[in-house]
Amino acid sequence: MKSLTDFQGKDVSIRMRTGENIFKRRDGRWEARYRKGRDSSGRIVYGYCYGRTYTEAKQKMEVSKASYMQTGPVPAASKEWTLGYYADAWLRQNRLRLRDSTYVKYMGFLDNHIIPYLGDIPPTGVTAQTVASLSSYLLNTKGLAPKTAKDILVVLNSILRFIEKQLPNQVGQIDFVYPTQEKSEIRVLSVEEQQALTNYLLTDTDSCKFGVLLSLLTGLRIGELCALRWDHVFLDRKLLRIDASMQRLKNLDPNGTSKTVVVIGAPKSQASRRTIPLPDSIVSLSRRFCPADRGGFVLTGTEQYMEPRTLQRRFAKYAKDCGLEHVTVHTCRHTFATRCIEAGFELKSLSEIMGHANTSITMNRYVHCSMELKRKNMDMVRWPGIA
């Protein structure tokens, strides 16, 4: 059995449960380790819990971690501590309110951009010029998209406001100038393209093809489709319930065997938890593929899931076979919303079916009127004096 020297200099034997930082020591006790934050020099600080059994150590760790996260991350603020220290404290304080995907994204912003560029300076040294320099670095040196650079600066601004609460009157107000991004045209299938894709999916249809067609007919996000099980498709009541989403995230366990893990958790937002009514045509189609065991996933018909990146590869083949270019699974969602608007769908209902918090998101982000609809609307107007 291999051994290592832990952060306290003690020799331990490695007997770790998969995906967890829990060890069995040479003295027979179990040791559970969790990340508490960073010290004033920016180094990671770990917390340790011990038990006579694996379960006892894990329970102690969960209690200690939850208690530590809710106690304030900066017990005695000091303007001499680095911005990197406060950045990690800010992330830890907000951990309980963040979805796993958001937490991983923010951690990446800190570890890959904010801390390497600003982590060694005191927070009082951050100025408008410093922020502008970081923005230029993200855009021109790192080559990040304006939207990503803006998201990173928004996080930095939140960190500075957090520091201001710890060190009143020490960190001045900084006017952040965020990068602007031109709105790109989102790909939507034309009526002819949608017909071609539908015909393809209805030929030699399997569970995966059916799932893609269901997305095209209901506007599901790719993560929602991958996490959807048959026991959430209520055919007798003609309803589909969205309560979960699947995504591949960075493995937060430093001793994990893989860099990423598949996570099935809550959907994107509270508004994303929704019930979608199904018309008779979709109910009839669904009955053809509904397995006897309704606990399986819709995309596979079994207990084995299909993760988003696998579905993307499958869809890429479907698109290629249909001669469709520049499309992804998410194109089905855009297309669904556009077809609904073209059909005169009531906007509030569509917004709730899409899982949006408000109707403006539906209109601004997903709905793209076709030239045919624009022409129809123009033809409806009667212009005085013009025959």
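List of remarks:
- For region 158-182, filtering for residues that are within 26 Å of the chain's Cα centre (by Cα), open to solvent by 40 Å² or more (accessible area, probe 1.4 Å) and under 25 Å from Tyr85 (Cβ atoms) leaves 2.
- Considering region 211-252, and only residues there that are assigned to a loop (DSSP other than H, G, I, E, B) and in contact (Cβ under 8 Å) with a residue 40 or more places away in the chain, the residue that is nearest to Cys340 (Cα to Cα) turns out to be Gly219.
- Filtering region 112-150 to residues that are within 22 Å of Asn94 (Cβ to Cβ), among the charged types (D, E, K, R) and surrounded by fewer than 16 Cβ atoms within 10 Å (Cβ to Cβ) leaves only Lys147.
- Contacts under 9 angstrom Cβ, first residue in region 260-285 being free of Cβ contacts under 8 Å to residues at least 24 places away in the same chain and over 18 Å from Glu224 (Cα atoms), partner among the aliphatic types (A, V, I, L, M) and not in a strand (DSSP E or B), 6 or more apart: Ser281/Leu217
- Condition check for Tyr68: open to solvent by 20 Å² or more (accessible area, probe 1.4 Å), part of a helix (DSSP H, G or I) and at pLDDT 85 or above: no
- Search result, residues across region 84-101 that are farther than 16 Å from Asn157 by Cβ and either open to solvent by 40 Å² or more (accessible area, probe 1.4 Å) or of a type in the set (Ser, Thr, Tyr) (or both): Tyr85, Arg95, Leu96, Arg97, Arg99, Asp100, Ser101
The values are calculated or read from the model by the stated rules, or taken from the named source; none is laboratory data. Since we're looking at a predicted model, the values are computed, not measured. Glycine also receives a Cβ, built like all others from the backbone with ideal geometry; neighbour counts cover every protein chain displayed. Just so you know, the surface numbers come from the protein's heavy atoms only, side chains and all, with ligands and any DNA or RNA stripped out. Shrake-Rupley method; radii C 1.70, N 1.55, O 1.52, S 1.80 Å.
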